[in-house]
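**Q** Structure incoming, see below.
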């Protein structure tokens, strides 16, 4: 945490991208203030209005204001992806830590499952899981967690294996420290920076996958203003109302760019050994 | 690759397939709604008599305990019978084979795009590190990895297909005209990733001692680059290429949907939407199998290409 604060002061690229991330989050929080209209209010006689001064991003088939929906979409899409990253991070890291620290049979089972997951194209399994369980944001998060946790588990496991042999951990074991205490106090703090960097760098990619599931209809359901879902709805009106497709997609694109830049810079701050 | 290792790999593939098929099977059982009813009616709201449902349930063996159902399915699958697709009205295996060519064409076309674009760009920006060209390439590839493929596809479809009228916008058929847009969409994302990897690989080799040595001995930069650096740098990239081919065969589902491309990914999505579970099961296994075979082939060829590995074994 101290390194991050120091990084904000010394690394200008990191400071700048952090501001951009905060702006995105602020947009999500302040959506009700920023939005000119109610994102779910349908006014049929306003259907399919092209972008104008009154409706900057145009309106959709139900006459809903597209700008308001994109702004509210920041809430749905960002909270969705943050939920996803947190779940993947917690599941993956704890599996990896348990696997690395306790070893033996537990390790074998977890690693075999993880071997199985990486020898398989993840997106198709995610589509199958989300699709079979039925489309909802929670099921989409669940599906992507199932296919994404292994990367974190492997990383955490390899780091735990290294740290386990260090003197301070062995000293703690010799002194009769309980496993949970050792994990919490000695091991976790040492692996967290790298794990956080990985998670931060993954936000963009996970966002695209989550939006992809919504786009296919296996994620958020109407009338939720979620970007992937809006693209799905806009796709059907490509000829008559292309603005319905352009703006939500642009929103995803910009958000992914911002998070990818931020992730890269965070890595520079927390892990200065690696350079481009 | 030694025979023993080969056998181990093949055994592993079999195990993974077993695991994957079990997971999808269990998922189908967990799925909300009556599978049998959906098989008959699809997603439509047709009245189906209970007798009809029970008859089909017994016929499919779906009234037995879960584990027996799975073993039944497995036994039939091992004989090449993956069941019957209610959506396509033909055996699952026939439908899978029918969709295979489209997916292979699209994968190869995207791979071609990727190679043609990324190898020259990656090499040149590594050699000219820090130049304007390098910065532009890095900027563009950054955007390329950050753009959601399905949106990029829609934008291309809208601008090149509708506005400029250069390409057909109605999908469903496989032809040279219809393959360009989906292959470009997939190719842009892959080329962006790959260009960066080529650049990194070449840069890494350029810093090796043997390059310094070759320079000291007065060899031309051209010779060093083409004869020394590139062969070494390209080796690890082959693995990555194999992985992307595997991902393409399975992971292009979203793009296939956007362009109405009649490949396996779209088949998977259609099957799921239609709740045609025998087909879902079949597609997932099929894609997993192809993915793993490609990885195996890549590993084998890698062994032949890298003399260091050959000697050890």
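**Q** Every residue in the stretch B:256-267 that is more than 10 Å from chain A (Cβ to nearest Cβ) and closer than 17 Å to residue B:111 by Cα, please.
**A** B:256, B:261, B:263 - these are the residues of the stretch B:256-267 that are more than 10 Å from chain A (Cβ to nearest Cβ) and closer than 17 Å to residue B:111 by Cα.
**Q** Is it the case, given these coordinates, that residue A:201 is within 14 Å of chain B (Cβ to nearest Cβ), surrounded by fewer than 18 Cβ atoms within 10 Å (Cβ to Cβ) and part of a helix (DSSP H, G or I)?
**A** Yes: the conditions hold for residue A:201.
**Q** Then there's this: May I ask you to verify whether residue B:61 is outside the structural domain of residue B:279 (by TED's automatic domain parsing), exposed (fewer than 12 other Cβ atoms within 10 Å of the Cβ), at positive phi and modelled with pLDDT under 75?
**A** Details: outside the structural domain of residue B:279 (by TED's automatic domain parsing): yes; exposed (fewer than 12 other Cβ atoms within 10 Å of the Cβ): no; at positive phi: yes; modelled with pLDDT under 75: yes.
No: the conditions fail for residue B:61.
**Q** Here is a follow-up. Among (1) free of Cβ contacts under 8 Å to residues at least 24 places away in the same chain; (2) buried (at least 22 other Cβ atoms within 10 Å of the Cβ); (3) more than 9 Å from chain B (Cβ to nearest Cβ), there is one condition residue A:249 misses while meeting the rest; what is its number?
**A** Going through the list (1) free of Cβ contacts under 8 Å to residues at least 24 places away in the same chain; (2) buried (at least 22 other Cβ atoms within 10 Å of the Cβ); (3) more than 9 Å from chain B (Cβ to nearest Cβ), residue A:249 breaks only (3).
**Q** Which members of the stretch A:89-126 meet the condition of being within 14 Å of chain B (Cβ to nearest Cβ) and out of contact with any helix residue (DSSP H, G or I) (no Cβ under 7 Å at 6 or more places or on another chain)? Let's see the steps before the verdict.
**A** Filtering the stretch A:89-126 for residues within 14 Å of chain B (Cβ to nearest Cβ) gives A:108-126.
Scanning the stretch A:89-126 gives A:108, A:109, A:112, A:113, A:115.
Residue-wise test of (1) touching a helix residue (DSSP H, G or I) at 6+ places or on another chain (Cβ under 9 Å); (2) closer than 22 Å to residue A:91 by Cα.
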| residue | (1), (2) |
| --- | --- |
| A:160 | yes, yes |
| A:165 | no, no |
| A:172 | yes, no |
| A:185 | yes, yes |
| A:201 | yes, yes |
| A:241 | yes, no |
| A:250 | yes, no |
| A:257 | yes, no |
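**Q** Another question, then. If you take the residues of the stretch A:211-228 that are over 15 Å from residue A:131 (Cβ atoms) and surrounded by 24 or more Cβ atoms within 10 Å (Cβ to Cβ), which of them is nearest to the other protein chains (Cβ to nearest Cβ)? Outline the logic, then answer.
**A** In the first step, residues of the stretch A:211-228 are kept if they are over 15 Å from residue A:131 (Cβ atoms); the result is A:211, A:222-227.
Still in the running and surrounded by 24 or more Cβ atoms within 10 Å (Cβ to Cβ): A:211, A:225-227.
Details: A:211: 6, A:225: 17, A:226: 13, A:227: 9 Å.
Selected residue: A:211.
**Q** Sticking with this one: So which of A:231, A:238 ends up being within 19 Å of residue B:161 (Cβ to Cβ), free of Cβ contacts under 8 Å to residues at least 24 places away in the same chain and surrounded by fewer than 24 Cβ atoms within 10 Å (Cβ to Cβ)?
**A** A:238
**Q** Hey, among A:116, A:123, A:111, which residue is free of Cβ contacts under 8 Å to residues at least 40 places away in the same chain and out of contact with any strand residue (DSSP E or B) (no Cβ under 7 Å at 6 or more places or on another chain)?
**A** Working: A:123 fails: free of Cβ contacts under 8 Å to residues at least 40 places away in the same chain; A:111 fails: free of Cβ contacts under 8 Å to residues at least 40 places away in the same chain.
Only one candidate passes the filter, namely A:116.
**Q** Exactly one condition in (1) at pLDDT 85 or above; (2) crowded, with 24+ Cβ neighbours inside 10 Å is not met by residue B:260; state its number.
**A** The number of the failed condition is (2).
**Q** Out of A:176, A:135, report the one residue that is away from every other protein chain (no Cβ under 13 Å) and part of a loop (DSSP other than H, G, I, E, B). Explain how you work it out, then say what you get.
**A** Values: A:135 fails: away from every other protein chain (no Cβ under 13 Å).
After ruling out the rest, the residue left standing is A:176.
**Q** Tell me whether the stretch B:31-40 contains one or more residues that are at pLDDT 75 or above and either assigned by TED's automatic domain parsing to the domain that holds residue B:278 or exposed (fewer than 13 other Cβ atoms within 10 Å of the Cβ) (or both).
**A** There is no residue in the stretch B:31-40 that is at pLDDT 75 or above and either assigned by TED's automatic domain parsing to the domain that holds residue B:278 or exposed (fewer than 13 other Cβ atoms within 10 Å of the Cβ) (or both).
**Q** While we're on this one: For residue B:88, are the conditions met, namely being under 24 Å from the mean Cα position of the chain (by Cα) and modelled with pLDDT under 90?
**A** yes
The values are calculated or read from the model by the stated rules, or taken from the named source; none is laboratory data. Since the model is a prediction, treat every value here as computed from it, not as a measurement. Here the Cβ is made from the backbone with ideal geometry for all residues, glycine too, and neighbour counts use every protein chain on show.
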